[in-house]
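Chemist: I'd like to ask you about the structure that follows.
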Amino acid sequence: MTSESTAAQPSATIAGRSRRYILVMLTLVYVINYLDRNILNILLPAIKAEFRLTDADLGFLSGTVFAILYATLGVPLAWLADRANRRNVIAYSMMLFSLMTTLSGYAASFGQLVAARIGTGIGEAGTSPSVNSVISDLYAPKERAGALSFYAAGLNIGLLIAFAGGGWIEQHFGWRNAFLAAGVPGLVVALLFIFTVPEPTRGHVEQLTDTGRAPSLRESVRYMWRQRSIRFIALGTALSSFGGYAVTTFISGFLINLHHLNPQQTGWIVACLFGIVGGSGTFFSGIVADWLGKRDVRWNLNIVVIAILCALPFFPFYFLAQNLALTLACAIPPTLIGAAYLAPSYAMVQSLVPLRMRTQAAAILLFVLNIIGFGTGPYLIGLESDLLRPSLGAQSIRWALLSTVTTWFIAAWCFWMATRTLKADLADSAGTRAPLSEVAV
């Protein structure tokens, strides 16, 4: 695709709506997304007791069953969004996952709860890739990581509401009502979104010509595979999410069973950790990446490498300490990096691909992230805990969670490897703004 130089600056409004309003609404979608996705995690101890499940069952329910549909359908829905109105794809997807979260409260068996989670995964698959594409049309590359970090902080706000609100509702009204409280608001927000958020012109902020030629999935995969930095970014995000999703799945049971807290206490503690501490890491990682990236674009990923390496020494104290105060103090650095990789990674990938490939690129990145991280992380850590239980008893989950240090360390290496070719790949991508028929894929 070709860029056309022009003196005119892109408008700060889209169909009468400021880009800040659109960004806030997109972030609200992500808040509801993570509320509906993670409300389950605070409820897992109660669900485990009612349906007599193992830790592996919980990991399968929380991660694998959701991630397979979420990751797989994200790609075809992104293919659709690259050709259709992304605002509508986001809104209708939101209606579906909110409805399925509401129905989870009526599950009478483990199988029915699995089916409802499948529906939630299908609905959520249609949001994030389209959102990433829209934000990239509203914010230039030099400010994109900051905008994406604002959006990504919705993840932590959703976690805060899920754990604090879910823990309180579960203790006073039961786990089924917590699902209902999480699902209904999304239906309201979806209607507000579809009637108040416009669809921006593709390439708006960069003033790029949109030829309307969207690539096939095969073209997108081949193009992205050709970019060495994208390959390492994708693997780095996947291995980071492996540890992040495992911890969010089992942290409630960890605190309830090993530190003897009740659901309400656990909910507030985890909400403060993931919502406030984690949200700070998610938001400021993008801000710092934008600031340092102006000097050298490789700092977009170097900041992630440094953050991970600084947090790793705290993991043993976080999971093995018997004292609650020490556990929570040492939980702060690992929680800060929990989603700090997202905004810089998404921003770099969006800058490395052509306009009409952006939604598919985000979906492919999410596919790798979720299949490896979300799909296997909670399940394998739960399985590891089950295998260790005969010798370690209830302490098995401590050592299973501690093993995620390995994936975090390898993730840091992947992000560092991505920096080695990032400049060259960005220069190469700048030369592929021509129509895709002229791009060697």
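Values in this text are rule-based calculations from the coordinates and carry no lab data. Here the structure is a predicted model, which means the values were calculated and not measured. We place every Cβ from the backbone using ideal geometry, glycine too, and count neighbours over all the protein chains shown.
Chemist: Can you tell me the orientation of helix 342-351 relative to the chain, as the angle in degrees between its alpha-carbon axis and the longest Cα principal axis, to the nearest 10?
Modeler: That works out to roughly 20 degrees.
Chemist: Dipole of region 59-187, Cα-centred, from +1 at each Lys and Arg C-beta and -1 at each Asp and Glu C-beta, to the nearest 20 debye? Don't skip to the end; give the middle numbers.
Modeler: On the way: 7 positive and 5 negative charges, 26 e Å.
I would put it at about 120 debye.
Chemist: On to the next question. Which Cα, out of Ile118, Ala307, Phe242, lies furthest along the positive dipole direction of the chain (beta carbon charges, K/R +1, D/E -1)?
Modeler: It is Ala307, whose Cα lies furthest towards the positive end.
Chemist: Any idea what angle helix 175-196 forms with the longest principal axis of the chain, computed on alpha-carbon atoms, 0 to 90 degrees, nearest 10?
Modeler: 10 degrees
Chemist: Output the peptides 178-184, 345-351 sorted from most to least packed, where packing is the average of other Cβ atoms within 10 Å over each peptide's residues.
Modeler: 345-351, 178-184
Chemist: Rounded, prolate or oblate: which fits region 358-435 when a ≥ b ≥ c are the square roots of the eigenvalues of the alpha-carbon gyration tensor, with rounded for a/c under 1.5 and prolate only if a/b beats b/c? Intermediate results must be reported in sequence, preceding the final value.
Modeler: Numbers: a/c = 7.23, a/b = 2.53, b/c = 2.86.
Judged from the Cα gyration tensor, region 358-435 comes out oblate (a/c at least 1.5, b/c at or above a/b).
Chemist: Now for a separate question. Hey, what did the chain get for relative contact order, percent, Cα under 8 Å, at least 6 apart? Intermediate values should be presented prior to the final figure.
Modeler: Working: 825 pairs, mean separation 124.8, N = 441.
Dividing the mean separation by the residue count of the chain yields 28 percent.
Chemist: Oh, and also: Work out the charge dipole of the chain with +1 on the Cβ of Lys and Arg and -1 on the Cβ of Asp and Glu about the Cα centre, then indicate which of Ala145, Trp408, Trp168 is farthest towards its positive end.
Modeler: Farthest towards the positive pole: Ala145.
Chemist: Sticking with this one: According to the square roots a ≥ b ≥ c of the eigenvalues of the Cα gyration tensor, what is the shape class of region 307-395, taking rounded for a/c under 1.5, prolate for a/b larger than b/c otherwise, and oblate for the remainder?
Modeler: Working: a/c = 4.64, a/b = 1.77, b/c = 2.63.
The shape class here is oblate.
Chemist: Suppose every Lys and Arg Cβ carries +1 and every Asp and Glu Cβ carries -1, with no other charges. What dipole size does the chain come out with about its Cα centre, to the nearest 20 debye? Walk me through the intermediate numbers first.
Modeler: Working: 30 positive and 21 negative charges, 123 e Å.
Using Cβ point charges on Lys, Arg, Asp and Glu, the chain gives about 580 debye.
Chemist: Turning to a different aspect of this structure: What is the distance in Å between the Cα centres of region 361-396 and region 32-96?
Modeler: 15 Å
Chemist: Per DSSP H run of at least 4 residues, take -39500 (n - 2.57); add these up for the chain, divide by its residues and hand me the 222 nm value, nearest 500 deg cm²/dmol.
Modeler: Working: 20 runs with 327 residues, N = 441.
Here the helix-only value at 222 nm equals -24500 deg cm²/dmol.
Chemist: While we're here: By how many degrees, between 0 and 90 and to the nearest 10, does the Cα long axis of helix 299-311 differ from the longest principal axis of the chain?
Modeler: 10 degrees
Chemist: Could you tell me the center-to-center distance, by alpha carbons, between region 258-282 and region 176-193 in angstrom?
Modeler: 22 Å
Chemist: OK, next. So for Trp175, Trp416, fewest C-beta neighbours within 10 Å to most, what's the order?
Modeler: Working: Trp175 24, Trp416 19.
Ascending number of Cβ neighbours within 10 Å: Trp416, Trp175.
Chemist: If you count, for each residue, the other Cβ atoms within 10 Å and average over each peptide, how do 378-387, 221-230, 151-160 line up from highest to lowest? Present the calculation step by step, with values, prior to reporting the outcome.
Modeler: Values: 378-387: 22.9, 221-230: 19.3, 151-160: 26.2.
Descending packing order for the listed peptides: 151-160, 378-387, 221-230.
Chemist: Can you tell me how much longer the chain between Trp225 and Asn85 gets when fully stretched, taken as 0.36 nm per residue apart minus their C-alpha distance, in nm with one decimal?
Modeler: Value of the extension gain: 47.7 nm.
Chemist: Would you mind counting up the charge near Leu369? Only other residues with Cβ under 15 Å from its Cβ, with Lys and Arg at +1 and Asp and Glu at -1.
Modeler: Numbers: positive: Arg37, Arg231; negative: Glu124.
With Lys, Arg at +1 and Asp, Glu at -1, the neighbours total +1.
Chemist: Simple spin-label model, 7 Å along Cα-to-Cβ: Asn257 to Ala108 in nm?
Modeler: It is 2.9 nm.
Chemist: Residue separation times 0.36 nm, minus the C-alpha to C-alpha distance between Trp399 and Tyr21: what's the value? Please report the intermediate quantities before stating the final value.
Modeler: Numbers: separation 378, 0.36 × 378 = 136.08 nm, distance 4.44 nm.
Answer, rounded to one decimal: 131.6 nm.
Chemist: Same structure, new question: Rank by packing, highest mean first: peptides 249-256, 100-107, with packing defined as the count of other Cβ atoms within 10 Å averaged across residues.
Modeler: Numbers: 249-256: 23.5, 100-107: 21.2.
So the order, starting with the most tightly packed, is 249-256, 100-107.
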